[in-house]
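The values are calculated or read from the model by the stated rules, or taken from the named source; none is laboratory data. Just so it is clear, the structure is predicted and the values come from calculations on it, not from any experiment. Cβ sites come from the backbone with ideal geometry, for glycine too, and all protein chains shown count toward neighbours.
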DNA sequence: AGAGACAGAACGAACGTTCTATCTCCCCAG
DNA sequence: CTGGGGAGATAGAACGTTCGTTCTGTCTCT
């Protein structure tokens, strides 16, 4: 999911940190300015990394002033968390849409195929969650927690899909799929995406689909 | 390979950038101070990320002054490249040592087992190359090039091992193994290492060892 | 009138980097 | 054996830049 496509403002709740008291406005909703900031941040963070892009770059590319930025976000740390959470929300929405028109048995291969396509698309730079995690080593950091929550949800989704498809050992097979997904994301970002996509599809076929059904 | 253990000063060549002219001494060899700096950098970079640790932290923990640091490294960028290259050299040395006393057929399972152990060890924070790559998106960056070179070498090693072990399709199977390795590294760093180690071992067994021999 | 976005200056801190100056140790000429 | 001399390490101040953050205004809407 490397595409910007920020049309959804899903679940962009402010979720203020306990002690954080904004000296400014009470609580601005998802305004146009806020969306522009989050979009620019998403694009820049994903393409160039998080610690390397400063708020100057973000506000400039968003066409927003610093004052506006700090009206909508307590600080950069909070923006990063929102960046992760918004990407998470986007993927959950996609998954929900896919599940609405496909059976669990059909959905898994589609998921893998879509992953392979994305890896080969332009601007692909690996999994945003994995990349972000590399920059936030502390597991207790809010950003790391948001990443962990996304991964937990995703694994849960895969387990559910495998269960409903009647695949034996759904939990162990979900672990395997996560392994393959993560490896593919990394390998495609660092090497030959097309080759990785082929390897991934083959591995999934042999390990999951081929294990009980062919 | 998360352990510090910097006893080897392998291949710590200066390799000055073309235009870089040090206004200081001609070319100091691998001195004690340089080693201490590189060791501290290795420990900090791996544990906390690269962009987050400044030279202040490094020189402080190395017990070295800034002047000494800049006598041995043209700048931080060069230190980061040395950090990657030294880790690469350490792994190559380990591989060479392993190959000296094991046959290719024996070596591969040992490699996987050792990987599983390392993942579960204390202080494990994922693959240093994958983590560093997340912070250096530009493929032309010297750091990214060093990472790519290490990965190329490692894949070559795996291909050679598979060939000499008589495994069919060594190239495709090497891609698969890389996929699994990368996935395991990421998964162990972000989730349950022991579970990932189990998944990895099982996947390798089913995909490589089990494909022609059991 | 009042809230939100705009413009832009300014803050202190940290960044990577350079400088001056003193000290220590080893090598080699005397 | 002695005693410079030079290279490397030390200490610490200081450079300019950039960082994240805050402030003072003005403008534009409803």
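Data for the structure
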{"item": "Boolean, residue B:156 is without any contact (Cβ under 8 Å) to a residue 24 or more places away in the chain and out of contact with any helix residue (DSSP H, G or I) (no Cβ under 6 Å at 6 or more places or on another chain)", "result": "yes"}
{"item": "Total residues in the range B:122-136, condition more than 7 Å from chain A (Cβ to nearest Cβ) and either in contact with a strand residue (DSSP E or B) (Cβ under 8 Å, 6 or more places away or on another chain) or farther than 16 Å from residue A:187 by Cβ (or both)", "result": "5"}
{"item": "Within the range B:57-70, considering residues that are within 9 Å of DNA strand C (Cβ to nearest atom) and within 16 Å of residue B:32 (Cβ to Cβ), the one nearest to the other protein chains (Cβ to nearest Cβ)", "result": "B:58"}
{"item": "Unique match (being assigned to a helix (DSSP H, G or I), touching a helix residue (DSSP H, G or I) at 6+ places or on another chain (Cβ under 9 Å), within 11 Å of another protein chain (Cβ to nearest Cβ) and under 18 Å from residue A:92 (Cα atoms)) among A:175, A:182", "result": "A:182"}
{"item": "Which numbered condition residue B:42 fails, given (1) more than 13 Å from DNA strand C (Cβ to nearest atom); (2) away from every other protein chain (no Cβ under 14 Å); (3) over 24 Å from residue B:137 (Cβ atoms)", "result": "(3)"}
{"item": "Boolean, residue A:202 is more than 12 Å from residue B:178 (Cβ to Cβ), facing another protein chain (nearest Cβ under 8 Å) and modelled with pLDDT of 95 or more", "result": "no"}
{"item": "Criterion (within 30 Å of residue A:43 (Cα to Cα) and more than 9 Å from chain A (Cβ to nearest Cβ)) met by exactly one of B:194, B:165, B:146", "result": "B:146"}
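Quick grid of which residues meet (1) over 22 Å from residue A:134 (Cβ atoms); (2) crowded, with 21+ Cβ neighbours inside 10 Å:
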{"site": "B:54", "(1), (2)": "no, no"}
{"site": "B:58", "(1), (2)": "no, yes"}
{"site": "B:63", "(1), (2)": "yes, no"}
{"site": "B:68", "(1), (2)": "yes, no"}
{"site": "B:77", "(1), (2)": "no, no"}
{"site": "B:84", "(1), (2)": "no, yes"}
